[in-house]
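Contents: one structure, followed by commentary.
The values are calculated or read from the model by the stated rules, or taken from the named source; none is laboratory data. These figures come from a predicted structure and were not determined experimentally. Quick reminder, even Gly has a Cβ in these numbers, built from the backbone with ideal geometry, and neighbours come from all protein chains shown. We work out accessible area using only protein heavy atoms, side chains counted, and drop any ligands, DNA or RNA first. Shrake-Rupley method; radii C 1.70, N 1.55, O 1.52, S 1.80 Å.
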Amino acid sequence: MKEKVMQAYEKLAGDYERHVDKQSGHNAYYERPSMIELLPGDMSQMTVLDAGCAAGWYTEHMLQQGARVTAIDLSPAMVEACKRRVGDQATVLTCDLTEALPFEFETFDLIVSSLTLHYIDDWAPTFREFERVLKPGGTLIFSVHHPFMDFQHFNRPDYFAHELLSEVWNKQESGPVEVTFYRRPMQEIINATSSRFGIKQIVEPQPSPVYKDQPEAREWYGKWYDRLMANPHFLIVKAEKSS
C-alpha cells in the first residue's frame, strides 16, 4: 500500500506543483479556507511540522505567517516540488509518517496534516509520534476524507468497515492515476485521535463564499457549491496535547 501511494504521488507531483493552487476547487475553495480558520493568524516564533506537505502550499502559507516550518512527505518528487516553492526558508525532508520521525521530543508547537492520514492504515504509531514531537499544549490540525462521503460515493455496503478503496484521478499532466486510500467510520477517527490528544473542534467544512464570484472559481462553484453545502466531503479535526 505504501508503495502504491508513493508511486501515485510521484506521478501527481507535477500537477500539484503547477495546478493545485487554484485549479483544484476542493483544495482552494473548500478545504483550505476551513483549515486556515483554525490556524493562528500570527505564527511568529512557532515551530510547525507540515506532515504530508505535497508541493508545499501550506508550508509557504505558514512561512508567510512567520512560522519556522519543517515539511515532510513520503514522495521524493513532492519534496522536490516543495523545495522549489520555498527554497531554503523551510526544512523539507522525505519522511514516512508510519515510522519513527527524525525529530527530538517536544520539537513542535503545531502539526498540520492536510488530506494525508487517509493514506495510512493504522493511525496509532503516527499519532504516538505526533504526540512525542509536539510540545506540551501543542496543537494538531488534520483533514481527511469524510467517512460518510466515501461510504456514499463508493456505495459501500458497511459504513462501519475499515477498508481499502481506490479510484482513478485524471489530471492535466499525469493523465489517469490510480489513487488508493482507507476509509474508516467516524468513531474510529475520533477514538484514534482522543487516545492521544484532547479534541478541541470538529469541522465538517462547507464551501467558502469568499471566492464564489471570482472568474476562475465560477465553474467549480456552479458544479459543487450546492452539493457540498448539503453533503460533507472532508472532515477537519483540531486537537491538543495535554500540557
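The residue that is surrounded by the fewest Cβ atoms within 10 Å (Cβ to Cβ), counting only those in the stretch 22-35 that are under 26 Å from Ala77 (Cβ atoms), at pLDDT 80 or above and not hydroxyl-bearing (Ser, Thr, Tyr), is Gln23. Can you say whether Leu140 is under 14 Å from the mean Cα position of the chain (by Cα), part of a strand (DSSP E or B) and not hydroxyl-bearing (Ser, Thr, Tyr), as far as the supplied structure shows? It is true that Leu140 is under 14 Å from the mean Cα position of the chain (by Cα), part of a strand (DSSP E or B) and not hydroxyl-bearing (Ser, Thr, Tyr). Residues considered: Ala54, Ala8, Ala28. Of these, the only one that is in contact (Cβ under 8 Å) with a residue 40 or more places away in the chain and either aromatic (Phe, Trp, Tyr) or outside any helix (DSSP H, G or I) (or both) is Ala54. From the list Val177, Val237, Val203, the one residue that fits, being among the aliphatic types (A, V, I, L, M) and closer than 20 Å to His19 by Cα, is Val177.
Scan the stretch 147-165 and give yes if some residue there is farther than 21 Å from Gly198 by Cα, basic (Lys, Arg), assigned to a strand (DSSP E or B) and at pLDDT 95 or above, otherwise no. No, that holds for no residue. Within the set Glu60, Glu17, Glu3, the sole residue that is assigned to a helix (DSSP H, G or I), out of contact with any Phe, Trp or Tyr (no Cβ under 6 Å at 6 or more places or on another chain) and farther than 23 Å from Gln214 by Cα turns out to be Glu3. Take the conditions on the phi < 0 side of the Ramachandran plot, of a type in the set (A, V, I, L, M, F, W, C), loosely packed, with under 15 Cβ neighbours inside 10 Å and at pLDDT 95 or above and apply them to Phe105. Does it pass? For Phe105, the condition - on the phi < 0 side of the Ramachandran plot, of a type in the set (A, V, I, L, M, F, W, C), loosely packed, with under 15 Cβ neighbours inside 10 Å and at pLDDT 95 or above - is met. Hey, could you check the stretch 195-230 for residues that are outside any helix (DSSP H, G or I) and hydrophobic (A, V, I, L, M, F, W, C) and say which is least open to solvent (accessible area, probe 1.4 Å)? The residue in question is Phe197.
Among the residues of the stretch 47-100, the ones that are open to solvent by less than 30 Å² (accessible area, probe 1.4 Å), of a type in the set (A, V, I, L, M) and under 23 Å from Tyr119 (Cα atoms) come to 14 in all.
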